[in-house]
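J.: So that we are looking at the same thing, I have put the structure below in structure tokens.
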Amino acid sequence: MGQTLSQKIIANHLVCGEMNVGEEIGIRIDQTLTQDATGTMAYLELEAMGIDRVKTELSVAYIDHNTLQTGFENADDHRFIGSVCKKRGVRFSRPGNGICHQVHLERFGVPGKTLIGSDSHTPTGGGIGMLAMGAGGLDVAVAMGGGEYYITMPKMVKVNLTGKLSPYVAAKDVILEVLRIMSVKGGVGKIIEYQGPGVLTLSVPERATITNMGAELGATTSIFPSDEITKAFLEAQGRGADWSELKADDDAVYDEVIDIDLSTLEPLAAMPHMPDNVRKVREIGKIKVDQVCIGSCTNSSLSDMLKVAAILKGKKVAPNVSLAIAPGSKQVLSMLATCGALTDIIDAGARVLESACGPCIGMGQSPNSAGISLRTFNRNFEGRSGTADAGIYLVSPEVAAASALTGVLTDPRELGEPLNILMPEKFLINDNMVELPATPEEAPSVEVIYGPNIKPFPDSNVLKDEIDAPAILKVGDNITTDHIMPAGAKILPYRSNIPFLSQFCFKQCDEHFAENCKAAGRGFIIGGANYGQGSSREHAALVPLYLGIKAVITKSFARIHAANLINAGIMPLTFQNPDDYDKIEQGDALVLKNVFASLDSGNFVLVDETKGIEIPLVGVFTDRQKDILKAGDLLQYTKGKKD
């Protein structure tokens, strides 16, 4: 029996465990990336481990999220990250150099290598054949220190692409179609591999758009083969030597197969407030649009921007529309300026933003009250834009640009003649905004600089054999990490200050959550299905840890968040019978007994003393995860192994 592409890469990096679906495996990590919203904590954790120098082939720290500097906090965090990178052997991508996933694809990604990043959209690297996965910051810190990365061996899903995209139909429409088919939880425990003759019709940026939004499926990662298209992209970046051919065996066996004929697709949009709420643009109709934002790690490549410029050229943005455009990297921005496309964009009335995440992470450009915003981004969770009652639609750059001109949601096929975009054979190469670390000989003299907003890692949980605590909060299905720990310009600067950050935890679900936790001193959270989907931000576990949360009990968890909870020393437990979720009310007095024996057996009993009932729970942990929970958290576990 042959192997899938992912199985080949995993086998080549396997450190421990057996490649049987559902079993925990540890794999060697070649590359890591961090960004500044999660990076400060990751490097605090690296420092706490006492790692002198990173042990990966390549680690890069990007400044792309917290670039809006309305106070000293973000600038201090950037200075801290830069100093740690210089001392510990990490490359430092300065603010303005671009979005981590776009820059990493252009300048550092290598087919067949493993990459984890403290950002859930790290699977963008799958567009060039990397096994690239999002992870919590602590997992990334461990990998930088030379430790393996642990995942549950996933199932394999083949998306068989045939045909070719029609004019004005985009790669964004491909992944929106996959989301429509699979849903935001359909990829949990799976790797999505794209194959078939249709793959050869897609450029690397188009492939990267598709793998990027695989994160919205809940998938472990997504990946394309490395072929002649990949080779041409890397050669254009001056990195032809990094290319190697990679593909699945012809007789590889998949757990699931999805067939998509690219020629049958048409422009799609994800409607508020979930990425899988997908409909055809023409069916939604010509709704009035207030704002259009083009960019993000999903759709900010040079090819995306050139298409937008071609649509806007010689025209004017509708009077009622605010159009903001953020090129994905310095390279993209420079090439737009050189070829004149940037002038076309500016002359049409667009507002050009810096090469950063910007509005995607809620860092500026919030739409007007109750406004409709079309965005080429990857998430449209309620309130994520910074405007609580805004309606966010996820669309392709082509739909976005056409709609900006008309002032209403517009099918770009109405524009007429197909776009004729000529991509350059060579990209402009200038890595002068990537700072190299000090040499091992110079490193001891480098000072790590801490700002006053940077606070220590929260104290770990001391696991007890009996935990009595109230159901401090009860929430429904599809709770995102944005619900748990919001993003946005007002909150993100405090990512390195857990005590201050705690006051915003679950604010959208229960404005009194933080004060209720502090009053009780401890608590359980009760949740529905797919709890913790979305961002990889470990703050969604660290802040509940700080607030005294001992366990989270749900119908099911998103992969990264469950791992982050364990890393923080919080037990993720699930209902043996999902209907038992309905038996618990917020405020009930709960007791979890015989915790240590239950850890070993995987069977827990929750006593609801308010209702006078017992509820069976499941907590299936590997031996390593049990040891992490018993040690208090992954940091204490790792330090114990090091000692």
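The values are calculated or read from the model by the stated rules, or taken from the named source; none is laboratory data. Being a predicted model, the structure only gives us computed values, none of them experimental. Ideal geometry is used to build each Cβ from the backbone, glycine not excepted, and the neighbour counts take in all protein chains shown.
J.: Can you pull out the residues in region 334-368 that are within 22 Å of L409 (Cβ to Cβ), at pLDDT 95 or above and surrounded by fewer than 17 Cβ atoms within 10 Å (Cβ to Cβ)?
T.: R351
J.: So is L165 modelled with pLDDT of 95 or more, touching a Gly at 6+ places or on another chain (Cβ under 9 Å) and under 23 Å from D276 (Cβ atoms) or not?
T.: Considered against the rule, which asks whether it is modelled with pLDDT of 95 or more, touching a Gly at 6+ places or on another chain (Cβ under 9 Å) and under 23 Å from D276 (Cβ atoms), L165 comes out as yes.
J.: Let me ask something additional. Please pick out the residue among P444, P440, P452 that is in a loop (DSSP other than H, G, I, E, B), more than 26 Å from the chain's Cα centre (by Cα), more than 30 Å from G358 (Cβ to Cβ) and not assigned by TED's automatic domain parsing to the domain that holds I584.
T.: None of the others qualify; the one that does is P440.
J.: Would you confirm whether or not region 109-129 contains a residue that is surrounded by 24 or more Cβ atoms within 10 Å (Cβ to Cβ), among the polar types (S, T, N, Q) and in a loop (DSSP other than H, G, I, E, B)?
T.: So far as region 109-129 goes, yes, one or more of its residues are surrounded by 24 or more Cβ atoms within 10 Å (Cβ to Cβ), among the polar types (S, T, N, Q) and in a loop (DSSP other than H, G, I, E, B).
J.: I'm trying to understand the selection: among the residues of region 383-427, which are assigned to a loop (DSSP other than H, G, I, E, B), of a type in the set (A, V, I, L, M) and more than 29 Å from the chain's Cα centre (by Cα)?
T.: L419, I421, L422
J.: Right, something else. Determine which member of the set G218, G214 is within 16 Å of T122 (Cβ to Cβ), at pLDDT below 95 and either crowded, with 24+ Cβ neighbours inside 10 Å or charged (D, E, K, R) (or both).
T.: G218
J.: Step by step: first the residues of region 252-306, then only those that are acidic (D, E) and in contact with a helix residue (DSSP H, G or I) (Cβ under 6 Å, 6 or more places away or on another chain), then the one that is farthest from M1 (Cα to Cα). Which residue is that?
T.: So, considering only residues that are acidic (D, E) and in contact with a helix residue (DSSP H, G or I) (Cβ under 6 Å, 6 or more places away or on another chain), the one farthest from M1 (Cα to Cα) is D304.
J.: Which one of these does K518 not meet: (1) within 30 Å of Q35 (Cα to Cα); (2) surrounded by fewer than 19 Cβ atoms within 10 Å (Cβ to Cβ)?
T.: The single condition K518 does not satisfy is (1).
J.: Also: With a cut-off of at least 2 residues that are out of contact with any Pro (no Cβ under 6 Å at 6 or more places or on another chain), outside the structural domain of L138 (by TED's automatic domain parsing) and more than 22 Å from Q365 (Cα to Cα), name the helices (runs of 4 or more DSSP H) lying wholly within region 481-557.
T.: 498-501, 513-520, 539-546
J.: Let me ask another. Looking only at region 222-257, count every residue that is crowded, with 18+ Cβ neighbours inside 10 Å, aliphatic (A, V, I, L, M) and either in contact with a strand residue (DSSP E or B) (Cβ under 7 Å, 6 or more places away or on another chain) or without any contact (Cβ under 8 Å) to a residue 40 or more places away in the chain (or both) and tell me the total.
T.: The number of residues fulfilling the criteria is 5.
J.: Name the one entry in G214, G187, G196 that is on the phi > 0 side of the Ramachandran plot and in contact with a Ser or Thr (Cβ under 9 Å, 6 or more places away or on another chain).
T.: Of the residues listed, the single one that is on the phi > 0 side of the Ramachandran plot and in contact with a Ser or Thr (Cβ under 9 Å, 6 or more places away or on another chain) is G196.
J.: Return the residue satisfying two criteria in turn: it lies in region 471-480 and is assigned to a strand (DSSP E or B) and out of contact with any Leu (no Cβ under 7 Å at 6 or more places or on another chain), and of such residues it is nearest to G521 (Cα to Cα).
T.: Of everything passing the filter in region 471-480, I472 is nearest to G521 (Cα to Cα).
J.: To continue, here is another question. Answer with yes or no whether A141 is surrounded by 24 or more Cβ atoms within 10 Å (Cβ to Cβ), of a type in the set (A, V, I, L, M, F, W, C), part of a strand (DSSP E or B) and touching a Leu at 6+ places or on another chain (Cβ under 6 Å).
T.: No; evaluated as a whole, the condition is false for this residue.
J.: Scan region 281-318 for residues that are closer than 26 Å to P205 by Cα, of a type in the set (V, I, T) and in a helix (DSSP H, G or I) and report the count.
T.: 3
J.: What pairs come out if I take residues in region 590-602 that are assigned to a helix (DSSP H, G or I) and pair them with residues that are crowded, with 19+ Cβ neighbours inside 10 Å whose C-beta lies under 6 Å away, six or more apart or interchain?
T.: Between residues of region 590-602 that are assigned to a helix (DSSP H, G or I) and residues that are crowded, with 19+ Cβ neighbours inside 10 Å, the close pairs are S598/F604.
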